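These notes are about the structure you will find just below.
Taken together, the values in this text are just the output of simple stated rules run on the coordinates, not laboratory data. As the structure is a prediction and not an experimental result, all values here were calculated from the model. No Cβ is skipped: glycine too gets one built from the backbone with ideal geometry, and neighbour counts run over all protein chains shown.
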Amino acid sequence: MLHTQFDVALVDLDGVVYLGNDPVSHAVPALNAVATQGMALAYVTNNAGRTPDEVASHLCELGLTTSPEQVVTSAQAGAKVLRERLGGGPWPVLVVGGPGVRAAVLAQGMEPVDSADDDPVAVLQGFGRDLCWADLDEASAAVGAGALWIATNPDVSIPTPRGRAPGNGAFVHAVSLATGRSPDQIAGKPHAPLMLESIARTGALRPLVIGDRLDTDIAAAAGVGIVSLLVFTGVSTISNVLRAPSGQRPDLMGLDLRTLFDVHPPVHRQGQQWRAGPCSGGIDDRIGQVVLQGPIDTPADWATACRVACAVAWATAAATDLVAQRLIAAAADLDSDPAR
Ligand SMILES: [Mg+2]
């Protein structure tokens, strides 16, 4: 079972633990249960706007037993990058973003400033709900003058109940367009610093990254060589993962976080057949489609079937629409919905 195979879970938040203000189905009891049984948890988020205290409070309200020390934000990873690149000293750093960005700069012993006229040596740019043109003006002036420029995360949009809204990446693009520069480094997923900070913080020996997005969570894990688990409670669909490009392919998959208690047998290839547990897969040459054999009676069966289907799809050019339909139908029978 995954919670005994790995010592630390590096857990994404939106789409894994909560959706907006609501908890994801089964997430809170599953996480509390694995923690009780000895798996350490860190909540790893690209959202730089909130402080770890604010994030931890939200998680506690949802019913999780956690503390601010278990929250790792891209603002913290960005401030750590600044500290490593600048060395010691109370360097003035222009803070563009919400309270989480400012707190991260302070925690690294640097001096947050609000104006390019304060001669900042660096800019840490992250999300903030109250950002306005004047903030981007200050950032552009400092970046244009040659300050070291670190972005907390590259997400161009964030999900809201009304659809997509501009994320930090959109504001970074604005400064980039104005100045003709790109950030010197980006801390958050899919880039490495946030993952490396999370591993350093937790002392993980066998970490497991858990996320809902291929292009951030899974790509970040692959980039630093960590095993990844994709859960289908957020943005990714079965069709997405069957067509995932190299570098964005999860090692493990599950309908939801209850899969931490499942056994995930390895996939073995024998010629043109792929097998794991009770499931086997291959290509039906008559129709050029990936096909599966074996029962899908439980969420654990489903996770295994999904991994076999992906192994076939990723190794061949066969079509995947029929196997996607079967997995979606099987998930519906199991009362889960991975194809929203
Ligand atoms: Mg997410």
Rg to Rh quotient for region 1-60, alpha carbon positions, Kirkwood Rh: 0.96
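Rg/Rh for the chain to two decimals, with Rh computed the Kirkwood way over all alpha-carbon pairs.
Details: Rg = 21.4 Å, Rh = 20.9 Å.
My calculation puts Rg/Rh at 1.02.
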Distance (nanometres) between label positions extended 7 Å along Cα→Cβ at R164 and R129: 2.2
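Given 4 °C and 1.567 mPa s, how large is the Stokes-Einstein diffusion coefficient of region 87-174 in µm²/s, with Rh as the Kirkwood radius over Cα pairs?
Value of D from the Cα-based Kirkwood radius: 99 µm²/s.
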Extension gain, T179 back to T298 (0.36 nm per residue minus Cα-Cα distance, nm): 37.4 nm
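I need the helices of the chain that pass two filters: whole DSSP H segments spanning 20 Å or more by Cα along the axis, and mean Kyte-Doolittle score no lower than -0.5.
Helices meeting the criterion: 299-315.
Excluding V308 itself, what net charge comes from residues whose Cβ is under 12 Å from its Cβ, given Lys and Arg +1 and Asp and Glu -1? Could you put the intermediate results ahead of the total?
Working: positive: R269, R275, R307, R326; negative: D301.
Residues close to V308 contribute a combined charge of +3.
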Spatial extent of region 267-333: Rg and Dmax, with the Cα atoms as the point set, Å: 10.8, 32
